[in-house]
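**Q** There's a structure below that I have some questions on.
What follows draws every value from the coordinates through simple rules; no lab data is involved. None of the values given here were measured: they were computed from a predicted structure. Neighbour counts are summed over all protein chains in view; Cβ atoms, including those assigned to glycine, are modelled from backbone coordinates with ideal geometry.
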Amino acid sequence: MSNRYRRYSKRELLGSLYVDYVMSVTDLGLTPQANRWAVLRAFLDVGEARAERLVEETGGFLLLQSVPGRPNTGAIYAYIERLQAFFWLRFEQKEDTLNGEDFQHALRIHHLVRFVSGYPSNAHRRHRRNRKARTAAKGAAAIAAPALMAQDVSLVATL
């Protein structure tokens, strides 16, 4: 059978995700207390580029940086505020030839917002816990709750 009519998923079109350290805030010549907009401005000045797309979160921001006037010259960078550093999010199939549509696909498919969400790194895995374990934990809490309430009542009575 021919692959001529095969539909490719967007994950296949971008390929695997790789994360590379680029630079820190101090490498840009700024102090760690600099606000994120000064950091963004300095980063864009170093690359002589502009921000095509920007997604801001509590822990930093994602940025599609491209060369002005040249289509499909974008690369995705993540600024993680607690680390005070920039990281290049590159893909196996497309490293620095991304456009706005590729950025949107990457955000959705690779869940890029988790890099800058400001939550602990395992927060995105909460929904994958075993349902039986969660149900058992709820049951244990329900059994322990009356005992805790009884202790509180006895403390109130002694006061």
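**Q** Pairs of Cα atoms under 8 Å, at least six residues apart: use those to get the relative contact order of the stretch 58-106, whole percent. Intermediate values should be presented prior to the final figure.
**A** Values: 73 pairs, mean separation 16.4, N = 49.
That works out to 34 percent.
**Q** How much net charge surrounds LEU54 when only the other residues with a Cβ under 13 Å from the Cβ of LEU54 are counted, with Lys and Arg +1 and Asp and Glu -1?
**A** Working: positive: ARG36, ARG41, ARG50, ARG53; negative: GLU52, GLU56, GLU57.
That sum, taken over residues with Cβ under 13 Å, equals +1.
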